[in-house]
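Following: one structure in structure tokens, then a few remarks.
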């Protein structure tokens, strides 16, 4: 007879997107416990922009943005590839569940008090790209409105801080304010500053981005008296007769056994911070912990435990890549809008341009790895900008025209009066670089990138400079001084992991579900396959399949559950 220190219906491991599964389980009448190994709540979701990508959702419908299920399916097929040609994680059944249950999940969260807004203009990442159908330029993405952390009481101190810091800046607005000297950028920043000031005048402690999404869901969980155990590590699964009965956790330095009558949901992130796992599984795309911006707790233990018990995995070589440069303090700085603006170019060590700098960041990372493997000289790749770029656009957290001295003195950013001198500092072949820039500047004059079609996609235009003509992404690299940073394929989390079915159940290599074990988020192989379809393509699957898993766990056969509990349990506190 098993003895248990605590008995619940559903145990959720991780406090990011899995909180949505915990909330759904509680709303369905189940007892729930959330176990989080760190002292903070939110996981990678809390550290992120907090955007959720959901086709044909009610928020975009209220904003008057047309969409359809058929268009969403066409977009999935043309970007990720037909389901039959993709990983089983991106099967037709999982895609259909994502599209149908996603809107149900969104409506559920709204009923629980979460407020969403439409990310106007935050285009699908492949909308308007050659050969792609079904994209929406006006955005399928939503994010939570500003959340007042005073509602959380003492839990406010445990909420991971927002990406925007003290500004009440929505994630979709970041691309606009990166071009401060445009009418759109200046107007957006004015609204952000007014919104921030008004919140302070009213005594609110507002957060946006992922912190806002987590804040709303955490508030709903606290209202339902769901216990959230921080500083509680997941140690092992408890399996009996081939079924997951519960888990072993370490809390306050003591191991406890928790019975989970209806299931364990693993939503504990991937393994971006585990170099040993990266080297084992990612030989073709060898990411490094030094380059990642993932959650510090993204160390892979939960994934390893599930694998130990026969859980199947897929796409373990993949991650949500995002080109990044390393700042003087060794911290990676993610680079999105900077490489999409006029006056920027990316080249390899030979001085050759080899891909569209403004493409979706996951594909940009994939291009860097592929070029390194085929030709070499892509790790690092050099992002080169001219003085017009530096004087007009935000770079990292530096406003236009104000380059921190330590960036230059440390060598993290290089500066020279000529491209030849800059090439020497970077170890780039100066003659090839000169030829590459001359060709690129010719494209900038016509507005047509004949080599890589930069600026054709709607998301590329969104990240560009709307005031720059004829192409918002193409401007000459011509005005001295010139600047360069070494770019690496960083990431915001791994994209491969446990293979799950459309119910969120973890599968074995034979394709059979492991009874009682569910997973969602970056610990799983993504329904998106190897492509980033739009803003929120990581959080979307995390929250949707957490929601789906809770519903499936609640509906597990009542007779089966009675047989489980009759085997004998002792209930603790």
Report summary line: Within the stretch 75-96, the count of residues that are more than 20 Å from the chain's Cα centre (by Cα), in a helix (DSSP H, G or I) and either over 24 Å from residue 172 (Cβ atoms) or modelled with pLDDT under 95 (or both) comes to 8
Query - Options 512, 525: the member that is surrounded by fewer than 23 Cβ atoms within 10 Å (Cβ to Cβ), farther than 30 Å from residue 401 by Cβ and at pLDDT 95 or above - result: 512
**Report entry** Subset of the stretch 413-432 that is without any contact (Cβ under 8 Å) to a residue 40 or more places away in the chain and in contact with a strand residue (DSSP E or B) (Cβ under 9 Å, 6 or more places away or on another chain) - its residue that is nearest to residue 181 (Cα to Cα)
**Finding:** 421
Query - Residues satisfying the stated conditions in the stretch 369-403, i.e. under 27 Å from the mean Cα position of the chain (by Cα), crowded, with 19+ Cβ neighbours inside 10 Å and at positive phi - result: none
Requested in this report: State all residues of the stretch 257-275 that are without any contact (Cβ under 8 Å) to a residue 24 or more places away in the chain and surrounded by 24 or more Cβ atoms within 10 Å (Cβ to Cβ); if no residue qualifies, say none.
Outcome: none
Report task. Only one of these is at pLDDT 95 or above, surrounded by fewer than 24 Cβ atoms within 10 Å (Cβ to Cβ), in contact with a strand residue (DSSP E or B) (Cβ under 7 Å, 6 or more places away or on another chain) and closer than 21 Å to residue 307 by Cβ: 501, 491. Name it. Result -> 501
Requested in this report: Specify the residue that is surrounded by the most Cβ atoms within 10 Å (Cβ to Cβ); the eligible residues are those in the stretch 214-232 that are under 23 Å from the mean Cα position of the chain (by Cα) and within 16 Å of residue 267 (Cα to Cα).
Outcome: 214
Query raised in the report: For the stretch 111-155, how many residues are free of Cβ contacts under 8 Å to residues at least 12 places away in the same chain and farther than 26 Å from residue 200 by Cβ?
Result: 1
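Sort through 410, 391, 337, 387 and tell me the only one that's touching a residue at least 24 places away in the same chain (Cβ under 8 Å) and under 18 Å from residue 480 (Cα atoms). If you could, list the steps in order and put the result at the bottom.
Details: 410 fails: under 18 Å from residue 480 (Cα atoms); 391 fails: touching a residue at least 24 places away in the same chain (Cβ under 8 Å); 337 fails: under 18 Å from residue 480 (Cα atoms).
Just one listed residue meets the conditions, 387.
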Requested in this report: For residue 290, state whether it is modelled with pLDDT of 95 or more, closer than 19 Å to residue 365 by Cα and in contact with a strand residue (DSSP E or B) (Cβ under 6 Å, 6 or more places away or on another chain).
Outcome: no
Query raised in the report: Residues in the stretch 16-31: is at least one at pLDDT 95 or above, out of contact with any helix residue (DSSP H, G or I) (no Cβ under 6 Å at 6 or more places or on another chain), surrounded by fewer than 24 Cβ atoms within 10 Å (Cβ to Cβ) and assigned to a helix (DSSP H, G or I)?
Result: yes
**Report entry** Single unsatisfied condition, residue 328 versus (1) touching a strand residue (DSSP E or B) at 6+ places or on another chain (Cβ under 7 Å); (2) assigned to a loop (DSSP other than H, G, I, E, B)
**Finding:** (1)
Report task. Could you please give the count of residues in the stretch 318-334 that are touching a residue at least 24 places away in the same chain (Cβ under 8 Å) and more than 16 Å from the chain's Cα centre (by Cα)? Result -> 5
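Tell me the residue from 102, 81 that is in contact with a helix residue (DSSP H, G or I) (Cβ under 6 Å, 6 or more places away or on another chain) and either in contact (Cβ under 8 Å) with a residue 40 or more places away in the chain or under 27 Å from residue 312 (Cα atoms) (or both), please.
102
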Query raised in the report: Inside the stretch 5-15, can you point out the residues that are assigned to a loop (DSSP other than H, G, I, E, B) and surrounded by 20 or more Cβ atoms within 10 Å (Cβ to Cβ)?
Result: 14, 15
Report summary line: Taking the stretch 375-403 and keeping residues in contact with a strand residue (DSSP E or B) (Cβ under 6 Å, 6 or more places away or on another chain), outside any helix (DSSP H, G or I) and under 26 Å from residue 293 (Cβ atoms) leaves 380, 381, 382, 383, 384, 385, 396
Query raised in the report: Taking the stated definitions as given, is residue 134 surrounded by 19 or more Cβ atoms within 10 Å (Cβ to Cβ), in contact with a helix residue (DSSP H, G or I) (Cβ under 7 Å, 6 or more places away or on another chain) and part of a helix (DSSP H, G or I)?
Result: no
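The values are calculated or read from the model by the stated rules, or taken from the named source; none is laboratory data. Note that this is a predicted model, so its numbers are computed, not measured. With ideal geometry, Cβ positions are generated from the backbone for all residues, glycine too; neighbour counts draw on all protein chains shown.
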